[in-house]
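The values are calculated or read from the model by the stated rules, or taken from the named source; none is laboratory data. Since the model is a prediction, treat every value here as computed from it, not as a measurement. Glycine also receives a Cβ, built like all others from the backbone with ideal geometry; neighbour counts cover every protein chain displayed. What goes into the accessible areas is simple: the full protein's heavy atoms, side chains included, and nothing from ligands, DNA or RNA. Shrake-Rupley method; radii C 1.70, N 1.55, O 1.52, S 1.80 Å.
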Amino acid sequence: MDRIPFNLTLQAKMDALRAQLHDTYTSKETGDLLALGVRPGLHEHEYATIESVLSVRGVDISAVQEQRRQRVRTTEVADTKDEKLAGVSKRVIAQFIDTVGVALLLALLGLLITVTMPNLFKQTNRVILILWLLYLLFKDGFDGQSLGKRVMKIRVVHADTEHPCSLQQSLLRNLAVLTVVDWAFALGRKQLRLGDMLARTKVVRE
């Protein structure tokens, strides 16, 4: 018996909420209601109220519902793509391998050449430096993977087609490393460096 008043009160609150929603949406322009009706994320009773008001105004509700379903599918596809994005930590480690690790390997190569041919010391240093700089600029243009990215199992791809990064895109995205703010952009939701934005690339997990 104690539950009856509670249920009645709850029902009364729900009815009052629906009435308030109906009054709110009735006061809106049809264009605003159409925008709300196709937007994902509202509660079912909100959609029902919006569609009720639009129906009274002669709007085709089935078209509104279909457009909302399309937007939901588009959002789900976008979320799936976002899930494939490589984390900042993996990218930082890959960058460390490419910058420091490759520099050490090249330095070791230069040392071996210098030991065996001391007269080529100056020329060897210049060549090693040039090779290192060229590697840093074009490293992502070989099937989208530098040495560090292969180790971390991540890849640079075109933002739209997801084809592996080209040499031109690699040059463009890695030139941006020279700017101070480049990596700050990677902390955003899309995890895109400034270089990625310029080259229209993104880094994904394999």
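Observations
This table checks each residue for (1) at pLDDT 85 or above; (2) open to solvent by 50 Å² or more (accessible area, probe 1.4 Å); (3) at positive phi.
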site	(1), (2), (3)
5	no, yes, no
8	no, yes, no
36	no, no, no
45	no, yes, no
80	no, yes, no
94	yes, no, no
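- Residues of region 115-150 classified as touching a residue at least 40 places away in the same chain (Cβ under 8 Å), open to solvent by 40 Å² or more (accessible area, probe 1.4 Å) and among the hydroxyl-bearing types (Ser, Thr, Tyr), total: 0
- Looking only at region 156-167, residues that are under 14 Å from residue 200 (Cβ atoms), open to solvent by 10 Å² or more (accessible area, probe 1.4 Å) and among the aliphatic types (A, V, I, L, M) come to 1 in all.
- Among the candidates 153, 90, the residue that is touching a residue at least 40 places away in the same chain (Cβ under 8 Å), touching a Lys or Arg at 6+ places or on another chain (Cβ under 7 Å) and open to solvent by 60 Å² or more (accessible area, probe 1.4 Å) is uniquely 153.
- Residue count for region 96-114 satisfying the condition of being open to solvent by less than 90 Å² (accessible area, probe 1.4 Å) and over 39 Å from the mean Cα position of the chain (by Cα): 3.
- Note on region 184-206: residues that are part of a helix (DSSP H, G or I), at pLDDT below 70 and open to solvent by 70 Å² or more (accessible area, probe 1.4 Å) amount to 2.
- Qualifying positions in region 40-61 - among the charged types (D, E, K, R) and in contact with a helix residue (DSSP H, G or I) (Cβ under 6 Å, 6 or more places away or on another chain): 51, 57
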